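Asks: Can you keep this structure in mind? I'll have questions shortly.
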Amino acid sequence: MKAVIKSLLVLYLTISSFAFGEELNEKFNNAQKTYGLMTIWSEVKFGFPYPDKLKSLDWDKKVQEYIPRVINTQNIDDYYYTLMEFATLLDDSHTSVIPPWGHFKPGYDMPPIEITVINDKFYVFQSGDNDEINSQKVLPGTEILEIDNIPVQTYFKENVLKYYSQGSKQANDAILTVYLLNGPNEEKIRLKIRDLNGNDRDIILSRNSTNKDGSPFLYQFVINLFVENSITTKELDDKILYIKIPNFNNQNISDEFQSVIDNLDNSQVNGLIIDVRNNMGGSSTVCDKIVECLIDKPITSPLMNYPHYIAAYKAWGKDEIWSTDKNIINPRDGRKYLGPIVVLTNAITNSTAEDFAIELKYGKRAKIVGQKTSGGAGNMLEFKLPFGGTFNLATFKATLPDESEYIGIGMTPDIKIKITVKDIINGYDKSLNRGTEILKKVIMTY
């Protein structure tokens, strides 16, 4: 079954993939290449909701620098990597080029290890189960020092951050490490590591993420985003109910949550811990239906700010004007849970998942525990590019309900938890344990 899930995941990720063939190669000309670049430039110039970034970049000058670069590309791969690099200059989580092969290239893979960054150092967060991993003792907490004889920080910057951005350092470190060891399937990659005994040594791993039993090894946020389709619940001590929301992608998630609330025995539940760590977001409609179950008065979502391009204003030397919209979430008509809540977040808590945490925090319905959120929102607008790729553009600038900034910054939790290497080695979930402690104290005075 796990092998089937992996196959479906690969299919999903590459659904817009290679239909190139000879006909496409014939159309790979300078006019088409330039048109793709200018599509990105023009849509950003008139629709990107951060005009100050465009001024600091000198966006018009930048596109002139990239025109000869895209013309000189010799194949689809190089062309799209150049476009990705151009879009990444904007450093925005919801503005990016998606190449024809999707998020991961067909025929590419990585060793079965998940990597996390702590204090600018790269560590194995969890590892899979195969002969290479086991024989070389690549354990959680192992530090990665070099990749193919290049310092890992340099390798990350030149091979990942050059082409991808999540808009904030904490989100880049947490999410984009998924690309760090990615490359041609079965190709060997040399790592210099510092093991748990403090010894530096070289290891060689194959880019093959399959475990010995044939199951796929995947980053947790990838599983949450593409595989999980249900919430998870479990009872903790002191009548605390834990609920994990993997994503806000479809109505099934909100239906399940509402069902939990409808069937809740309030005499048996003293508090909720809602886990939106590693949740990359989804539909605001799904999110709203969950929030409705947890409030007894209207609350406000993050504000959506839109710039207006008016040619006459530009001619007169005036600044652009802005509009602001806000979404009011009202309590549902049915049963609600109005007791104490803790929401767990981390740097992968992004977009709609970030909205969820913000809404409950500013609605005074929850304590936020964990790490700073990703700082990413924007409601992407999609444009087609030549040869099968797409360009996604952020369409609004979000601010907190009090109008303060959080895009590219993240929302700081009420209780900030610092994850250590020791926690990784011991498999200790510090955020969950601290959240439980806080909730128990709240319950005592509730």
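The values are calculated or read from the model by the stated rules, or taken from the named source; none is laboratory data. All values derive from a computational prediction rather than experimental measurement. Because the Cβ atoms are built from the backbone with ideal geometry, glycine has one as well, and the counts that use them run over all protein chains shown.
Residues checked against (1) in the same structural domain as ILE76 (by TED's automatic domain parsing); (2) touching a residue at least 40 places away in the same chain (Cβ under 8 Å); (3) farther than 24 Å from VAL269 by Cα; (4) polar (S, T, N, Q):
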position	(1), (2), (3), (4)
THR324	no, no, yes, yes
GLY334	no, yes, no, no
ARG365	no, yes, no, no
GLN371	no, yes, yes, yes
PRO386	no, yes, yes, no
ALA398	no, yes, yes, no
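Asks: Condition check: among the small types (Gly, Ala, Ser), in a loop (DSSP other than H, G, I, E, B) and loosely packed, with under 14 Cβ neighbours inside 10 Å. Does GLY334 satisfy that?
Replies: So GLY334 fits the description; yes.
Asks: Just one of (1) over 24 Å from THR436 (Cα atoms); (2) loosely packed, with under 14 Cβ neighbours inside 10 Å; (3) not charged (D, E, K, R) trips up LEU218, so point out which.
Replies: Checking LEU218 against (1) over 24 Å from THR436 (Cα atoms); (2) loosely packed, with under 14 Cβ neighbours inside 10 Å; (3) not charged (D, E, K, R), the one that fails is (2).
Asks: If you go through segment 372-411 one residue at a time, how many are surrounded by fewer than 23 Cβ atoms within 10 Å (Cβ to Cβ) and under 18 Å from ILE175 (Cβ atoms)?
Replies: Of the residues in segment 372-411, 7 are surrounded by fewer than 23 Cβ atoms within 10 Å (Cβ to Cβ) and under 18 Å from ILE175 (Cβ atoms).
Asks: Further question: Report every pair of residues separated by at least 6 positions or lying on different chains whose Cβ atoms are under 6 Å apart, first residue within segment 405-434 and closer than 19 Å to ILE273 by Cβ, second surrounded by 14 or more Cβ atoms within 10 Å (Cβ to Cβ) and hydroxyl-bearing (Ser, Thr, Tyr).
Replies: Sorted first by the residue in segment 405-434, then by its partner, the pairs are MET411/THR373; PRO413/THR345; ILE417/SER431.
Asks: Here's a follow-up. Test each condition in (1) out of contact with any helix residue (DSSP H, G or I) (no Cβ under 9 Å at 6 or more places or on another chain); (2) at pLDDT 95 or above; (3) surrounded by 12 or more Cβ atoms within 10 Å (Cβ to Cβ) for TYR306 and report the one that comes out false.
Replies: All conditions pass for TYR306, except number (2).
Asks: Residues in segment 186-193: is at least one surrounded by fewer than 19 Cβ atoms within 10 Å (Cβ to Cβ), touching a residue at least 40 places away in the same chain (Cβ under 8 Å) and touching a helix residue (DSSP H, G or I) at 6+ places or on another chain (Cβ under 7 Å)?
Replies: No: zero hits.
Asks: Among (1) assigned by TED's automatic domain parsing to the domain that holds LEU439; (2) buried (at least 17 other Cβ atoms within 10 Å of the Cβ); (3) not small (Gly, Ala, Ser), there is one condition ARG207 misses while meeting the rest; what is its number?
Replies: Of the numbered conditions (1) assigned by TED's automatic domain parsing to the domain that holds LEU439; (2) buried (at least 17 other Cβ atoms within 10 Å of the Cβ); (3) not small (Gly, Ala, Ser), the odd one out for ARG207 is (1).
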